[in-house]
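Some notes on the structure that comes next.
Just so it is clear, none of the values below were taken in a lab; they were calculated from the coordinates. Given the structure is predicted, the values throughout are model-derived calculations rather than measurements. Reconstructed Cβ throughout: ideal geometry from the backbone, glycine too, with neighbour counts over all protein chains shown.
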Amino acid sequence: MSSQHLVTFKPDNRSIAVRPGTTLLDASRRARVNIRTRCGGVAGCLMCKVHVAEDQAAFLQPPTVAETHKLGGLLSEGIRLSCQARTNGDVTVSVPEDPLKAAIRKKLAEQQEDDWFN
């Protein structure tokens with residue numbers, strides 16, 4: 001077994017080598033990838049969700065009891081809590097866009113469209 005796992009975060013394409021069993025949240029912090037959380041990493045707020053493609057799921061340890069309880073059916077859609085999901089190999093995960101950034105991006109796009117037509 002390798003002494004390091006490479007975790008890659010999309011869409012930033014940032015990667016970081018971590019010890020086996022490192023949570024995705026800890027890896028994201030080390031890679032300077034922002035994953036929102038409010039509970040301090042105890043599966044309390046559900047803000048730190050990431051998407052793991054089906055072909056990448058085996059590279060994470062199985063969901064914890066807390067994660068299974070909190071996510072339920074979302075697990076079958078590839079959603080994991082980054083504070084609970086631990087590496088089991090080299091893995092690539094997708095981090096959703098921050099809702100505030102998405103709202104700002106949408107507003108800027110609308111303003112540009114308005115400027116284009118005026």
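Taking amide H atoms as placed 1.01 Å from N in the peptide plane, the amide H of Asp90 lies under 5 Å from those of Leu6, each 5 or more residues away in sequence or on another chain.
When the P(r) is computed for region 5-117, the part past 24 Å accounts for 28% of the Cα-Cα pairs.
Measuring from centroid to centroid over Cα atoms, what is the spacing of region 30-63 and region 79-116 in Å? Centre-to-centre distance over Cα atoms comes out at 13 Å. Every helix of 4 or more DSSP H residues in the chain counts as -39500 (n - 2.57), and over all residues that averages to -9000 deg cm²/dmol at 222 nm. For Arg14, neighbours were defined as the other residues whose beta-carbon sits under 12 Å from its Cβ, and their charges (Lys and Arg +1, Asp and Glu -1) total +3. For the pair Arg14 and Arg30, the difference between a 0.36 nm per residue extended length and the Cα-Cα distance amounts to 4.7 nm. Within the listed set Ala103, Ala43, Ala27, the residue fluctuating most in the Gaussian network model of the chain (springs between alpha-carbon atoms under 10 angstrom) is Ala103.
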